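Structure first, then comments.
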Amino acid sequence: MSMTIGLAGKPNAGKSTFFKAATLANVEIANYPFTTISANHGVTYVRVECPCKDKEKTCGKCVDGVRLVPIDIIDVAGLVPDACKGRGLGNTFLDELRQAQAIIHVVDASGGTDVEGNPVEIGDHDPLEDVAFLNKEITMWLYGILERNWAKLARKIQAEGLKLDAVIAEQLAGAGISESDVNAALMDTGLARMDQVKWSEEDMIRLCDAMREISKPLLIAANKADIAPRENLDKLRDINRIVVPTSAAAELALKSAAKSGIIRYVPGDRNFDLLTEDITKVQKKGLEAIQKVIGMFGSTGVQECINRTVFELLDLIVVYPVEDEGKWSDKNGNVLPDAYLMKRGSTCHDLAYQIHTEIGDRFLYAVDARTRLRLGEKHELKNGDVIKIVSTAKK
C-alpha cells in the first residue's frame, strides 16, 4: 500500500532536523520559527528483519539482515495556535496533512521553545500544551470544513433520507476522512442516535475530535530528550499516547558520519562502530556525546518513531511477493525483490491486487514459500510472509 507519515508540530521543535535525519534530504534547518515555509516531501524507511537470513543466498537489499522498506514522509510547516483560522502559515499546512495516514508529532520535550516556537530557557514551557494545541488545531480545521454548509446539509439528509456518514465523508473527503472513519466516530460519540439538525457546535466539535483521532492516529516524538528536564519526559509518558524519547540532532549527526565513512551505523542501531581514527577532536567529542544519548534511551529514537507508527499505530505487516517459491526470487533471479506494507488481516487475494490489478483479477491461489503449502484467496497473511501468487494466463 502507498502510505505517508506526516511530521507535525510547532516551529522550532526539531521537525526539519527529524525529517532530514529520517531522509537525509537537504532541507533548511535554523533556530527560528517558520524555517519550513512549504512542505518537504521525502522518503524514509521502516526497519525490519529480512527473511533472506533464512536462505543461503542473501537478497542484496539488506545490511546484515536488516531491511529498510521505503515509505513517504511529509514535513509540514510549523503550526501556531489558531492556524485553523489562517494564523501563521495557516490552513495550507493543515491541508498538507490530509495525505498522511498517521502523524508523528515532534514536540520540544526540553521546554526550550514557547508556544510560538521562539527560544526560551530550557524547562520554561510545558510540552503538554503543545500536544493539546496540535490536536485542537486539527480538530478545529475539520470543524471549519464540516460547519460551512452544515445547516443546509442536515436538512437535506432529513428531507431526502440520505446516509449521514456518507454525506459527512463527502464533505470531509479533502481532509482524508473516509466513510468508515465517520461511522466509527458517530458510534463513539453517540451522535448517530441524535437528530443531526439539533447538533450543537459542541456536538460537532466532539465529532470532529473523534474523526481526527480515528483517521489521523498520532505518535509523539519527545524531541531534544537529551536536554529535557526529567519531569517533562515523565509528564509526556503519562499521557495516553505512544511517546518516544528522541534526539533528531543525534540521529542526523550519525547518518552524516556514516555517509562520510567515519562510522558504520544502520538506522535504529543501539551503537555504532568507528571506521577511522582520522577524525578531529570536535568530531570525537560529538560522537562520545551521542553515545551517551544512545546509552540513556537505547537509540536516538528516530527509527523507533517511524517503526512504531507503521507497526503499532497503523498495524501494518511486511509481505514479500516472489515468482520462484524455491529460490525466493523473481524471474530474473533477484532474491526477495520487493517488500510490501499491508494492513494486518490482508489476504493473499489482497496481495495479488496490490501487485497488479490484472493479477488480482486472474488470481488462482498462492504458495507459502517457506512451507510450500498452497493457500486460498482468503488466507490471512502474516508479518514476514514470502508468497508466490499463481494466476491464470493472459487471454
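FYI, it's all coordinate maths here, none of it is from the lab. Predicted, not measured: the structure shown is a model, and the values here were computed from it. A quick note on method: Cβ atoms are made from the backbone with ideal geometry, for glycine too, and the neighbour counts reach across all protein chains shown.
Quick rundown of the values:
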| item | result |
| --- | --- |
| Largest-first principal axis extents, alpha carbons of the chain, Å | 67, 67, 33 |
| Footprinting exposure proxy for L164, L236, L373 (fewest neighbouring C-beta atoms within 10 Å first) | L373, L164, L236 |
| Dipole axis of the chain (+1 Lys, Arg; -1 Asp, Glu on Cβ), positive-most option in H125, A228, A169 | A169 |
| Potential extension, R372-S2 segment - 0.36 nm per residue separation minus Cα distance | 130.3 nm |
| For q = 0.17, 0.25, 0.27, 0.29 Å⁻¹, Debye-computed log10 I/I(0) when each Cα of the stretch 191-247 counts as one equal scatterer | -0.67, -0.95, -1.03, -1.10 |
| Under 28 Å from the Cα of K198 - lysines, other chains or at least 8 residues apart | K85, K136, K152, K156, K163, K216 |
| Charge context of E312, other residues only, Cβ under 13 angstrom, K/R +1, D/E -1 | +1 |
| Residue order, fewest to most surrounding Cβ atoms within 10 angstrom, among I279, I71 | I279, I71 |
| For the stretch 236-333, convex hull volume per residue from C-alpha positions, Å³ | 147 Å³ |
| Cross-link pairs K15/K53; K53/K284; K224/K255; K53/K388 - those with Cα-Cα distance over 28 Å | K15/K53; K53/K284 |
| Dipole of the stretch 102-150, positive end: most advanced residue of G111, M140, W150 [Cβ charges, Cα centre] | W150 |
| Local net charge near V322, Cβ-Cβ under 9 Å (Lys/Arg +1, Asp/Glu -1) | -3 |
| Rh by Kirkwood over Cα pairs, then Stokes-Einstein D for the stretch 281-362 at 1.306 mPa s and 10 °C, µm²/s | 99 µm²/s |
| Net charge of neighbours whose Cβ lies under 14 Å from the Cβ of F363, counting Lys and Arg as +1 and Asp and Glu as -1 | +1 |
| Neighbour-count order for V120, V131, fewest beta carbons within 10 angstrom listed first | V120, V131 |
| Model label zone, R155; criterion: amide N under 19 Å from point 7 Å along Cα-to-beta-carbon; scope the stretch 187-210 | 195-201 |
| Relative contact order (percent, whole number), the stretch 316-391, Cα cutoff 8 Å, 6+ residue spacing | 38 percent |
| Span from the the stretch 301-328 Cα centroid across to the the stretch 154-173 one, whole angstrom | 37 Å |
| Cα-based equivalent ellipsoid of the stretch 316-391: semi-axis lengths in Å, sorted from largest, via gyration tensor | 16, 14, 12 |
